[in-house]
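K.L.:
One structure, as structure tokens, below. Some questions next.
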Amino acid sequence: MPWCLIMNKLPDPMQNKLLAALTETEWKILKPQLEWVVLPLGKVLSESGTTLSYVYFLTTAIVSLLYIMENGSSAEVAVVGNEGLVGISLFMAGDSTTISAVVYSAGEAFRLNAQFLQGGFSSCDPLLNLLLRYTQALIAQISQTAVCNRYHSIEQQLCRWLLLSLDRLHGNVLVMTQEQIANMLGVRREGVTEEACKLQKAGLISYARGRIIILNRLKLEQRSCECYAVVKKEYDRLLTFSV
């Protein structure tokens with residue numbers, strides 16, 4: 001089966017909060033150009049240095065934005081879900097980026113051809129304003145992630161990451177191995193294992209066979225550093241919806 005499946009009957013694009021925020025006029029222009037796609041776990045939507053062909057408005061999939069070093073090691077710089085899109089370089093005067101985008105929670109999205117976005121529709125001021133505000137919020141997340149990775153404990157980073165993922169999930173179950181989480185955070189797997197066990201013993205999460213169930217969001221927020229709240233506040237300030 002191909003990685004992307006296009007169907008005549010489209011699922012609800014309004015699951016993506018950027019698309020849902022469009023005016024009726026903008027939506028009439030954009031709707032015929034959108035293609036529904038299925039994004040499997042591990043699918044690479046873009047690689048560092050490559051030219052992007054599409055921008056992806058995520059609905060149920062969650063994507064990790066990663067910086068990958070020459071030796072193959074990586075660290076996550078941001079998480080994108082139904083609050084946003086993948087491919088900001090297409091409307092930021094650059095066709096490529098230094099960041100890779102990888103699906104870490106399988107799901108669906110609507111993709112838009114890069115040429116269309118950069119063509120006549122790019123003159124639509126309300127849409128551009130919305131996309132630029134989203135970009136500023138994403139930059140805030142990237143900046144706060146860098147600070148978090150430098151100054152906060154693995155437990156705090158893990159709690160922040162779980163909360164960001166939870167905000168973008170349809171439910172409270174995340175399919176993810178501890179090794180994958182360690183690669184996202186740029187830390188050793190043993191460190192993630194130790195902290196995940198602590199959270200499980202405290203009743204905050206349940207973890208078994210690559211499935212993480214969030215049991216107590218409030219206590220998870222209490223154990224997280226201030227970085228999660230800072231990022232969420234910035235998204236709420238810049239956009240007309242909450243993540």
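The values are calculated or read from the model by the stated rules, or taken from the named source; none is laboratory data. All values reported here derive from a predicted model rather than from experimental measurement. Positions of Cβ are generated from backbone atoms using ideal geometry, with glycine treated the same way; all protein chains shown enter the neighbour counts.
K.L.:
Considering (1) modelled with pLDDT under 95; (2) over 30 Å from Pro32 (Cβ atoms); (3) not acidic (Asp, Glu), say which one Leu127 fails and leave the rest.
P.N.:
So Leu127 meets the others, but not (2).
K.L.:
Of the residues in the range 213-241, how many are surrounded by fewer than 18 Cβ atoms within 10 Å (Cβ to Cβ), at pLDDT below 95 and either assigned to a loop (DSSP other than H, G, I, E, B) or on the phi > 0 side of the Ramachandran plot (or both)?
P.N.:
Number satisfying all stated conditions: 2.
Yes or no, residue by residue, for (1) over 21 Å from Leu128 (Cβ atoms); (2) surrounded by fewer than 21 Cβ atoms within 10 Å (Cβ to Cβ); (3) of a type outside the set (Phe, Trp, Tyr); (4) at pLDDT 95 or above:
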site: Ser64; (1), (2), (3), (4): yes, no, yes, yes
site: Val86; (1), (2), (3), (4): no, no, yes, yes
site: Phe91; (1), (2), (3), (4): no, yes, no, no
site: Asp95; (1), (2), (3), (4): no, yes, yes, no
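K.L.:
Let me ask something else about it. Would you mind stating whether Tyr207 is more than 21 Å from His152 (Cα to Cα), touching a helix residue (DSSP H, G or I) at 6+ places or on another chain (Cβ under 6 Å) and not hydrophobic (A, V, I, L, M, F, W, C)?
P.N.:
On the way: more than 21 Å from His152 (Cα to Cα): yes; touching a helix residue (DSSP H, G or I) at 6+ places or on another chain (Cβ under 6 Å): yes; not hydrophobic (A, V, I, L, M, F, W, C): yes.
It is true that Tyr207 is more than 21 Å from His152 (Cα to Cα), touching a helix residue (DSSP H, G or I) at 6+ places or on another chain (Cβ under 6 Å) and not hydrophobic (A, V, I, L, M, F, W, C).
K.L.:
Among the residues of the range 9-49, how many are more than 24 Å from Met176 (Cβ to Cβ) and either surrounded by 15 or more Cβ atoms within 10 Å (Cβ to Cβ) or in contact with a Phe, Trp or Tyr (Cβ under 8 Å, 6 or more places away or on another chain) (or both)?
P.N.:
If we filter the range 9-49 for residues that are more than 24 Å from Met176 (Cβ to Cβ), which is where we start, we get 9-10, 12-14, 18-36, 49.
Imposing the further condition that a residue be either surrounded by 15 or more Cβ atoms within 10 Å (Cβ to Cβ) or in contact with a Phe, Trp or Tyr (Cβ under 8 Å, 6 or more places away or on another chain) (or both) reduces the set to 10, 13, 18-22, 26-27, 29-30, 33-36.
The number of residues fulfilling the criteria is 15.
K.L.:
Another one. Which residue out of Glu108, Glu70, Glu26 is at pLDDT below 95, among the acidic types (Asp, Glu) and not in a loop (DSSP other than H, G, I, E, B)?
P.N.:
On the way: Glu108 fails: at pLDDT below 95; Glu70 fails: not in a loop (DSSP other than H, G, I, E, B).
That would be Glu26, the only listed residue that is at pLDDT below 95, among the acidic types (Asp, Glu) and not in a loop (DSSP other than H, G, I, E, B).
K.L.:
Being among the basic types (Lys, Arg), free of Cβ contacts under 8 Å to residues at least 60 places away in the same chain and not in a helix (DSSP H, G or I) is the filter here, so list the residues in the range 153-201 that pass it. It would help to see each step written out before you state the result.
P.N.:
Going residue by residue through the range 153-201, those that are among the basic types (Lys, Arg) are 160, 168, 188-189, 198, 201.
Checking the rest, the ones that are also free of Cβ contacts under 8 Å to residues at least 60 places away in the same chain come to 188-189, 198, 201.
Within the range 153-201, Arg188 is the sole residue that qualifies.
K.L.:
Can you tell me which residues in the range 60-83 are touching a Gly at 6+ places or on another chain (Cβ under 7 Å) and over 18 Å from Gln180 (Cβ atoms)?
P.N.:
Within the range 60-83, Thr60 is the sole residue that qualifies.
K.L.:
Considering only the range 101-126, state which residues are crowded, with 19+ Cβ neighbours inside 10 Å, within 20 Å of the chain's Cα centre (by Cα) and either hydroxyl-bearing (Ser, Thr, Tyr) or over 15 Å from Thr50 (Cβ atoms) (or both). Break it down stepwise before answering.
P.N.:
Just the residues of the range 101-126 that are crowded, with 19+ Cβ neighbours inside 10 Å, to begin with: 101-105, 107-112, 117.
Then keep just the ones that are within 20 Å of the chain's Cα centre (by Cα); that gives 101-105, 107-112.
Passing the criteria: Val103, Tyr104, Ser105, Gly107, Glu108, Ala109, Phe110, Arg111, Leu112.
K.L.:
So if I check each of Gly81, Gly49, Gly72, which one is in contact (Cβ under 8 Å) with a residue 12 or more places away in the chain and on the phi > 0 side of the Ramachandran plot?
P.N.:
Values: Gly81 fails: on the phi > 0 side of the Ramachandran plot; Gly72 fails: in contact (Cβ under 8 Å) with a residue 12 or more places away in the chain.
The conditions single out Gly49.
K.L.:
Right, another one. Just checking, how many residues over the range 56-79 are under 21 Å from Leu158 (Cα atoms) and in contact with a Leu (Cβ under 6 Å, 6 or more places away or on another chain)?
P.N.:
So the answer is 6.
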